[in-house]
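A short worksheet on the structure shown next.
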Amino acid sequence: MLERDGYPAGVPCWADVIQPDLDATMAFYGGLFGWTFEVRTPEGAPAGYAYARLDGLLVAGVGGPPAQAETPDCWTTYVWVDSADDTVAAVTANGGRVVAAPVDIPRAGRTALCADPSGATFGLWQPGANRGAQLVNSPGSWNFSDLRTPDPGRAEGFYGAVLGWVANPFEIQPGQKSWMLRRPGYGDFLAERDPEIRARHEADEAPDGFTDAVAWMEQAADGEPAHWGITFAVADADAAFARAVKLGATEVTPLFDTDYTRMGAVQDPQGAVLTLSEYRPPPHG
């Protein structure tokens, strides 16, 4: 996979998880994905933060313990924005809520934490030196994020107004209401660096507009709170699932097959849920 160096505005670019025991977080994800870690905070700081790397490239962030009560105990997805301050204004103007106001992170960028009108939390990232994940969609790295919400129509309007997303119906699993969330123009950005990307997607029988896809949205089950989930790519779903359980994770969703993937979800030893997905495109011809 090509090394990434930045993202267009409105595209998810970073993900992190903040947990009570940072050493345990690094042990679990290092064992699961082969990540190495670069601690960014000074020794003795009340909370730590580390960059996770795979083959030397940035893939995610891990930190802890949480600095405030409203810090999500799950993986958080961050969207690249030109101005965190302007975007939080758009969040509140469209019925969302600011969980943590914009703040500068030394040597990195400016960030904020928000919630959509149904309560799903997500981050904003105005880049500085940190220009987002450098490796994505490769085994051991972030694959995509997905929104599960009780009100897809309201979510479509909110994310369209704030981030410029468009929702197209797409059936991921039979009987499951789901949508592909697209940022128009993203495919053009990708094709500038990878001219064959659309041809590959067409060969893999990807749905129309897939090259512009930035996330997925699904109808939440009755009583299920709105939330953003995260999926990591793996080379072998069965082996990765077994490795996660051996490292202390618990099964959330057993492995199952879709037209394009074999995937399942686990909860890590400190409670964060993640999906492991092996890409299995339909055979050509």
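The values are calculated or read from the model by the stated rules, or taken from the named source; none is laboratory data. Here the structure is a predicted model, which is why all the values come from computation and not from measurement. Note that we place each Cβ from the backbone using ideal geometry, even for glycine, and neighbour counts take in every protein chain shown. Each accessible area value is taken on the protein alone, full model and side chains, heavy atoms only, with ligands, DNA and RNA left out. Shrake-Rupley method; radii C 1.70, N 1.55, O 1.52, S 1.80 Å.
Quick one: is residue 20 open to solvent by 20 Å² or more (accessible area, probe 1.4 Å), closer than 28 Å to residue 160 by Cα and in contact (Cβ under 8 Å) with a residue 40 or more places away in the chain? Answer is no for this residue. So which residues in the stretch 220-261 are open to solvent by 40 Å² or more (accessible area, probe 1.4 Å), part of a strand (DSSP E or B) and in contact with a helix residue (DSSP H, G or I) (Cβ under 8 Å, 6 or more places away or on another chain)? Answer for the stretch 220-261, where residues must be open to solvent by 40 Å² or more (accessible area, probe 1.4 Å), part of a strand (DSSP E or B) and in contact with a helix residue (DSSP H, G or I) (Cβ under 8 Å, 6 or more places away or on another chain): 251, 255.
Of all residues in the stretch 171-190, those satisfying the criterion of being in contact (Cβ under 8 Å) with a residue 40 or more places away in the chain and over 18 Å from the mean Cα position of the chain (by Cα) are 173, 176, 177, 185, 189.
Can you confirm whether the stretch 120-142 contains a residue that is open to solvent by less than 60 Å² (accessible area, probe 1.4 Å), without any contact (Cβ under 8 Å) to a residue 60 or more places away in the chain and out of contact with any strand residue (DSSP E or B) (no Cβ under 8 Å at 6 or more places or on another chain)? The answer is no; no qualifying residue exists. Looking across 95, 44, one residue alone is at positive phi, surrounded by 14 or more Cβ atoms within 10 Å (Cβ to Cβ) and either outside any loop (DSSP other than H, G, I, E, B) or not aromatic (Phe, Trp, Tyr) (or both). It is 95.
When residue 38 is tested against (1) surrounded by fewer than 19 Cβ atoms within 10 Å (Cβ to Cβ); (2) more than 26 Å from residue 135 (Cβ to Cβ), only condition (2) is not met. Scanning the stretch 105-118 for residues that are more than 25 Å from residue 34 (Cβ to Cβ) and open to solvent by less than 40 Å² (accessible area, probe 1.4 Å) yields 109, 111, 112, 113, 114, 115, 116, 117.
Among residues of the stretch 101-117 that are in contact (Cβ under 8 Å) with a residue 12 or more places away in the chain, those with a Cβ under 9 angstrom from a residue that is assigned to a strand (DSSP E or B) and of a type in the set (Asp, Glu), sequence gap 6+ or separate chain, pair up as 110/104; 111/104. Scoring residue 158 on the criteria (1) touching a strand residue (DSSP E or B) at 6+ places or on another chain (Cβ under 8 Å); (2) of a type in the set (A, V, I, L, M, F, W, C); (3) surrounded by 17 or more Cβ atoms within 10 Å (Cβ to Cβ) leaves a single failure, condition (1). So which of 195, 152, 169 is exposed (fewer than 12 other Cβ atoms within 10 Å of the Cβ) and within 29 Å of residue 226 (Cβ to Cβ)? On inspection, the qualifying residue turns out to be 169. Within the stretch 47-69, the set of residues being open to solvent by 10 Å² or more (accessible area, probe 1.4 Å), of a type in the set (Gly, Ala, Ser) and closer than 20 Å to residue 140 by Cα comprises just one member, 56.
Please specify each residue of the stretch 229-285 satisfying the condition of being on the phi > 0 side of the Ramachandran plot and at pLDDT below 95. The answer is 285, and nothing else. Out of curiosity, is residue 77 within 18 Å of the chain's Cα centre (by Cα), over 30 Å from residue 193 (Cα atoms), at pLDDT 95 or above and open to solvent by less than 20 Å² (accessible area, probe 1.4 Å)? Considered against the rule, which asks whether it is within 18 Å of the chain's Cα centre (by Cα), over 30 Å from residue 193 (Cα atoms), at pLDDT 95 or above and open to solvent by less than 20 Å² (accessible area, probe 1.4 Å), residue 77 comes out as no.
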